[in-house]
Amino acid sequence: MIIDNDMKILITGGCGFIGSNIAIFLKKKIKKSVIHSLDNLSRNSSKINLRRLKKKKITNFNVDISNIKKINLLIKYDIIIDCCAEASVEASKTDTNRVFFTNLVGTFNILEKAKKDKSKIIFLSTSRVYSINKICAKAKNINKKKYNFKIDENFSKESPISLYGFTKLSSERLIQEYFYSNNLKYIINRFGVVSGPWQFGKQDQGFISLWLWRHLNKKKLSYVGFDGLGNQVRDVIHVYDVCELILEQINKIDKINNKIFNVGGGIKNSITLKQLTSKVQKITKNNIKIGRKLKTSIYDIPYYVTNNKKIYYYYNWRVKKNIDDILNDTFQILSKNKQSFIKLEK
Ligand SMILES: NC(=O)c1ccc[n+]([C@@H]2O[C@H](COP(=O)([O-])OP(=O)(O)OC[C@H]3O[C@@H](n4cnc5c(N)ncnc54)[C@H](O)[C@@H]3O)[C@@H](O)[C@H]2O)c1
């Protein structure tokens, strides 16, 4: 669907993996739109994405999201798509200050701006708002062949959920309070694992692209946690499916708003690390020895598969791209731009 108007959209974290894909997609789809990005380029790979935005004439404001004064200098936007975060769960242990200020104070600042300008908000939340202990307990009883346990929006959010999860869940609550008192419109999407082109992953954020990259370059890789067997299950959604959903949500936000959705790859796009290894070996034509690290992080979960029932009900939306599409599309960009990505590791 193509919306033809002069909508003004701000994408925070617009030079990140998801933000940059959304920015470029919306620029193409919404004619005459003004798309701006706010990103302080703190993530190394964001500098590569900045070049992609520049080519499409999308302006990035190099501003820290915790700097309200600078945010208030920006123009008035119809919609703010909040993709800015310190998105690594493990940073909850080591980088607490940055997680707190970027993720929670950042949301507060964006809400102050939205309140002033009466902007609508689409917030990228996470499956990490759900209880680690409850997921671990449930995962013990799942049928490993069928993955018959899917997590919906009502699943327990009992602590612990990691500092990352806490800042996201608290941001959701802040959004609800602000929008209740100011009569504004919001959508919150709790995404599971998102992957695809232009992701440059780490062990706890972007394992699909990490797996491809390490195989492509014949570098070290390990199964971490849960006895180091690689049996952890995740469902994965292609970033292009995310982009299409966001466009649909912008399109319908006057009718469908103030709701929280789980969004993910679902059962068909679920995979274990071991299964991922064999697919990646075929794509990259490389075989590497995968080590085992037995110790499980206090934040890791053995299993996550999304229940997409609610998002399907409201938008008639479902995932189009399968795991092989995700792997092939991601691999293509990593291999074509190998030299640029190698520089990021130095
Ligand atoms: N990738 C996933 O699998 C996934 C899953 C669920 C939710 N999310 C959420 O989606 C959003 C985007 O994730 P992503 O994978 O694209 O992450 P990313 O790390 O690629 O992008 C985040 C961007 O935010 C920028 N940034 C970080 N701190 C900043 C600050 N203080 N001020 C301004 N900019 C700052 C970074 O430079 C980066 O470009 C995040 O909110 C994340 O929590 C991602």
In this structure, among LYS120/LYS268; LYS56/LYS282; LYS138/LYS268; LYS28/LYS76, pairs with alpha-carbon gaps over 27 Å are LYS120/LYS268; LYS56/LYS282
Which value, in Å², gives the accessible area per residue of the range 150-289 when a 1.4 Å probe is used on the protein heavy atoms? 40 Å²
In cubic angstrom per residue, the convex hull of the range 139-266 built on its Cα atoms measures 152 Å³
Tell me, Kirkwood radius of the chain from alpha-carbon pair distances, in Å? 20.4 Å
Links exceeding 24 Å between C-alpha atoms in this model, out of LYS115/LYS202; LYS202/LYS279; LYS150/LYS259; LYS202/LYS293; LYS150/LYS274; LYS150/LYS321, come to LYS115/LYS202
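Working out 0.36 nm times the residue gap between ARG173 and TYR313, then minus their Cα-Cα distance, what length gain in nm do you get to one decimal? Before the final figure, lay out each step's value.
Working: separation 140, 0.36 × 140 = 50.40 nm, distance 2.33 nm.
Between ARG173 and TYR313, full extension yields an extra 48.1 nm.
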With just the Cα atoms defining each centre, how far is the range 20-88 from the range 106-159? Give it in Å. 23 Å
For the range 1-152, how big is the tail of P(r) above 29 Å, as a whole percent of Cα pairs? 27 percent
How large is log10 I(q)/I(0) at q = 0.19, 0.28 Å⁻¹ when the Debye formula is applied to the Cα atoms of the range 26-66, each weighted equally and without solvent? -0.58, -0.99
If unit charges are put on Cβ atoms (+1 for Lys and Arg, -1 for Asp and Glu) and the dipole of the range 288-346 is taken about its Cα centre, the option from ILE311, PHE331, PHE341 lying farthest towards the positive end turns out to be PHE341
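Provide the per residue accessible area, probe 1.4 Å, for the range 1-144, rounded to a whole number of square angstrom.
On the way: 6580 Å² over 144 residues.
It amounts to 46 Å² per residue over the range 1-144.
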Farthest toward positive dipole pole in the chain [+1 Lys/Arg, -1 Asp/Glu at C-beta], among ILE301, THR59, LEU273: LEU273
Which percent of Cα pairs goes in each bin when the distances of the range 205-333 are cut into 10 angstrom slices starting at zero? 12, 38, 30, 16, 5, 0
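Restrict the search to the range 232-305; then list the trypsin sites (Lys or Arg not before Pro) that DSSP places in a loop and that have at most 16 other Cβ atoms within 10 Å of their Cβ.
Numbers: sites: ARG234, LYS252, LYS255, LYS259, LYS268, LYS274, LYS279, LYS282, LYS285, LYS289, ARG292, LYS293, LYS295; in loops: LYS255, LYS285, LYS289, LYS295.
Hits after loop and neighbour filter: LYS255, LYS285, LYS289, LYS295.
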Rank ALA91, ILE68, ASN133 by how far each Cα sits towards the positive end of the charge dipole of the range 66-164 (+1 on Lys, Arg Cβ; -1 on Asp, Glu Cβ) and give me just the farthest. ASN133
The chain - percent of accessible surface contributed by carbon and sulfur, probe 1.4 Å: 50 percent
For the chain, which longest stretch is free of loop sites, where a loop site is one of the GluC sites (Glu not before Pro) that DSSP puts outside H, G, I, E and B and that has at most 15 other Cβ atoms within 10 Å? 159-344
Within the chain: Cβ-based charge dipole about Cα centre, in debye rounded to nearest 20 (Lys, Arg +1; Asp, Glu -1): 1080 debye
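Name the helices (complete DSSP H segments) of the chain with a Cα length along the long axis of 27 Å or more and a Kyte-Doolittle mean of at least -1.0, or state none.
Helix filter hits for the chain: 162-182.
The values are calculated or read from the model by the stated rules, or taken from the named source; none is laboratory data. Just so it is clear, the model here is predicted, and its values are computed rather than measured. Glycine also receives a Cβ, built like all others from the backbone with ideal geometry; neighbour counts cover every protein chain displayed. Only protein heavy atoms, including side chains, enter the accessible area calculation; ligands, DNA and RNA are left aside. Shrake-Rupley method; radii C 1.70, N 1.55, O 1.52, S 1.80 Å.
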